[in-house]
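Trainee: What follows is a structure written as C-alpha cells; I'll ask about it next.
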Amino acid sequence: MAKIFISGGNFQAPNGVPLAGGYVTFRLNTDAVAGGSQISAGRIVTFDLDLNGNLAGYIWPNDQMTPNDTVYFVQAFTAAGQLVWNAELHITSPSIWVTEEV
C-alpha cells in the first residue's frame, strides 16, 4: 500500500476562468490507517494550483484505508482565498488522476 500521485482537476471559478494560483484542500472525514500509517481526520492536505487550475501531489487513496468508508472533504479556493467549490470524494487506486504510485 502506498500514496498515489494525483494530478489534474482543471479547477475553475464560476465564470470559467482557471483558478490560477489558487489551491485545493483535502481533509479526511475520520481517522484512518493506511500502509501502517495513522492518518488524522484533522489534518488538511493542500495542493497549489498551476496556471490551468491543475494540482499535482501525493495522497493516500481511500480504498487503501481502514475503516473502508472514508471520504475526503475537498475544497477549491481562489488565489485570494475565496471558496469556489467543495465536494466529498472517494479516491481509489488507480484513479482518474493517478499517474504513478510511490
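The values are calculated or read from the model by the stated rules, or taken from the named source; none is laboratory data. Just so it is clear, the structure is predicted and the values come from calculations on it, not from any experiment. So basically every Cβ, Gly included, is an ideal-geometry build from the backbone, and we count neighbours across all protein chains shown. Side chains included, ligands, DNA and RNA excluded: accessible areas come from the protein's heavy atoms. Shrake-Rupley method; radii C 1.70, N 1.55, O 1.52, S 1.80 Å.
Trainee: For residues that are of a type in the set (Asp, Glu) and open to solvent by less than 90 Å² (accessible area, probe 1.4 Å), scanning just the stretch 50-102, find the one that is modelled with the highest pLDDT.
Mentor: ASP50
Trainee: Another question about this same structure. Residue by residue through the stretch 7-25, note down the ones that are aromatic (Phe, Trp, Tyr) and over 8 Å from ASN54 (Cα atoms).
Mentor: TYR23 - this is the single residue of the stretch 7-25 that is aromatic (Phe, Trp, Tyr) and over 8 Å from ASN54 (Cα atoms).
Trainee: Could you list all residues from the stretch 1-49 that are in a strand (DSSP E or B), closer than 19 Å to GLN64 by Cα and either without any contact (Cβ under 8 Å) to a residue 40 or more places away in the chain or among the small types (Gly, Ala, Ser) (or both)? Outline the logic, then answer.
Mentor: Pass one, the stretch 1-49, residues in a strand (DSSP E or B): 4-8, 12, 18, 23-28, 32-34, 37-39, 44-48.
Now restrict to residues that are closer than 19 Å to GLN64 by Cα: 4-7, 26-28, 32-34, 37-39, 44-45.
Of everything in the stretch 1-49, those that are in a strand (DSSP E or B), closer than 19 Å to GLN64 by Cα and either without any contact (Cβ under 8 Å) to a residue 40 or more places away in the chain or among the small types (Gly, Ala, Ser) (or both) turn out to be SER7, ALA32, VAL33, ALA34, SER37, GLN38, ILE39, ILE44, VAL45.
Condition check ((1) farther than 19 Å from GLY81 by Cα; (2) open to solvent by less than 20 Å² (accessible area, probe 1.4 Å); (3) more than 11 Å from the chain's Cα centre (by Cα)) across all residues:
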site: SER7; (1), (2), (3): yes, no, no
site: VAL17; (1), (2), (3): no, no, yes
site: ALA20; (1), (2), (3): no, no, yes
site: LEU28; (1), (2), (3): yes, yes, no
site: ALA32; (1), (2), (3): yes, yes, yes
site: GLN38; (1), (2), (3): yes, no, yes
